[in-house]
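**Student:** Starting off with a structure, shown below.
The values are calculated or read from the model by the stated rules, or taken from the named source; none is laboratory data. This is a predicted model, so every value here is computed, not measured. No Cβ is skipped: glycine too gets one built from the backbone with ideal geometry, and neighbour counts run over all protein chains shown.
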Amino acid sequence: MALKIWLDGKLVDEKDAKISVFDHGLLYGDGVFEGIRVYNSRVFELDAHIRRLYGSAKAIRLEVPMSRSELISAVEKTVEANGVIDGYIRLLVTRGVGTLGLNPFICEDSRLIIIADNIQLYPEELYEKGMKVISATTVRNHPLAIPPQVKSLNYLNNILAKIEALDNDVPEAIMYNHEGYVAEATGDNVFIVRDGVIYTPPAEAGSLEGMTQGIVIELAREENLEVVEKNLTRFDLYVCDEFFLTGTAAEVIGIVEIDGRVIGDGKPGPVTKLLRKKFFKYAHGKKL
Ligand code: PMP
């Protein structure tokens, strides 16, 4: 079924949702975006996603062409118009039409696009068996280059690491920062468990401040599990008892092998399974 797309203030048919070849979003990856879930017709953590979008936009001197409350209402209208019950929203703001030069300040109005569609999840089997990953050789963007906290339309850094993963027949790659510490996966945050303590790298290590990461930290603390945000090395990943990733699309997924080293007993561990279950209940609005 053809979708209704929100484009510049109104819903249009998918076939009419077009942007110019001179848009700097296309010419230079100049823009920002968010990926948001819909569970049971409810947009998940919308306020927090909107807050992150405005933060990303501010960091690159891009004006979101709507107020926060207008944007919330536009997202909800798009979800409703497409009858999405369990799905995924892509919200993006591009710099708009400019010249072939770099100057972003002569671009016409920034453009706002909202797509609400069904989600492509990893197959259930991957959650049960756990996923294999590799360490990428592509270094995560330096914070003084493109800050990884900005969810920009320029995802080449992540795509290069994803290519390495796919070349090695695994779905994800772990990225390290310029100092050699774990930053994140190409589209997910990293967690490990060792001796009963949960560790995750801080945003300063070069990761996006993941919405799912924040919720999983809270859910773990509710279970009286200790969570420590600290820099992790590749060694820490190799010797941990459990390893999992978090993200809007993946939710919580266990990692059972990295660079040929088996994690724990080669199956998703008990903490991973508990947090996956708790996150599922939380996302579906059920009482824990
Ligand atoms: N890191 C990167 C690079 C991402 O693109 C994402 C989102 N897909 C995440 C981490 C996870 O963030 P969130 O839980 O907010 O989806």
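**Student:** Give Arg51, Arg95, Arg68 a once-over and let me know the one that is touching a Cys at 6+ places or on another chain (Cβ under 6 Å), outside the structural domain of Thr212 (by TED's automatic domain parsing) and closer than 29 Å to Thr212 by Cβ.
**Tutor:** Among Arg51, Arg95, Arg68, only Arg95 is touching a Cys at 6+ places or on another chain (Cβ under 6 Å), outside the structural domain of Thr212 (by TED's automatic domain parsing) and closer than 29 Å to Thr212 by Cβ.
**Student:** Just to check your reading of the model, which residue among Phe22, Phe44, Phe33 is surrounded by 17 or more Cβ atoms within 10 Å (Cβ to Cβ) and within 27 Å of Ile106 (Cβ to Cβ)?
**Tutor:** So the residue among Phe22, Phe44, Phe33 that is surrounded by 17 or more Cβ atoms within 10 Å (Cβ to Cβ) and within 27 Å of Ile106 (Cβ to Cβ) is Phe33.
**Student:** Taking only the range 156-184 into account, find how many residues are assigned to a loop (DSSP other than H, G, I, E, B), in contact with a helix residue (DSSP H, G or I) (Cβ under 9 Å, 6 or more places away or on another chain) and either within 12 Å of the ligand (Cβ to nearest atom) or at positive phi (or both).
**Tutor:** Total satisfying the criteria: 1.
**Student:** Do you know which residues across the range 254-279 are surrounded by fewer than 18 Cβ atoms within 10 Å (Cβ to Cβ) and either in a strand (DSSP E or B) or not assigned by TED's automatic domain parsing to the domain that holds Leu219 (or both)?
**Tutor:** Selection gives Glu257, Arg261, Val262.
**Student:** Now for a separate question. Does Ile253 meet the test of being away from the ligand (no atom under 16 Å from the Cβ), in contact with a helix residue (DSSP H, G or I) (Cβ under 7 Å, 6 or more places away or on another chain) and touching a residue at least 60 places away in the same chain (Cβ under 8 Å)?
**Tutor:** no
**Student:** Would it be correct to say that Asp188 is outside the structural domain of Arg37 (by TED's automatic domain parsing) and over 22 Å from the mean Cα position of the chain (by Cα)?
**Tutor:** no
**Student:** Looking only at the range 185-212, filter to residues that are more than 12 Å from the ligand (Cβ to nearest atom) and acidic (Asp, Glu); which one of those is farthest from Thr233 (Cα to Cα)?
**Tutor:** Asp195
**Student:** Of all residues in the range 12-45, count the ones that are within 22 Å of the chain's Cα centre (by Cα), in a strand (DSSP E or B) and among the charged types (D, E, K, R).
**Tutor:** 3
**Student:** What are the pairs with Cβ atoms under 7 angstrom where one residue, in the range 213-227, is surrounded by fewer than 16 Cβ atoms within 10 Å (Cβ to Cβ) and the other, located anywhere, is of a type in the set (A, V, I, L, M, F, W, C)? Sequence gap at least six, or different chains.
**Tutor:** Pairs that qualify, where the first residue is surrounded by fewer than 16 Cβ atoms within 10 Å (Cβ to Cβ) and the partner is of a type in the set (A, V, I, L, M, F, W, C), are Arg221/Val227; Glu223/Leu274; Glu226/Val197; Glu226/Ile198.
**Student:** Looking at (1) touching a helix residue (DSSP H, G or I) at 6+ places or on another chain (Cβ under 7 Å); (2) assigned to a strand (DSSP E or B), can you tell me which one Val190 breaks?
**Tutor:** Failing condition for Val190: (1).
**Student:** For the list (1) of a type in the set (Lys, Arg); (2) farther than 25 Å from Gly87 by Cβ; (3) within 15 Å of the ligand (Cβ to nearest atom), I need the number of the one condition that Lys151 fails.
**Tutor:** The one condition Lys151 does not meet is (2).
**Student:** Filter the range 106-144 for residues that are part of a helix (DSSP H, G or I) and in contact (Cβ under 8 Å) with a residue 40 or more places away in the chain; which is surrounded by the most Cβ atoms within 10 Å (Cβ to Cβ)?
**Tutor:** Tyr127
**Student:** May I pose another question? Return the residues of the range 228-253 that are crowded, with 17+ Cβ neighbours inside 10 Å and among the basic types (Lys, Arg); say none if nothing qualifies.
**Tutor:** none
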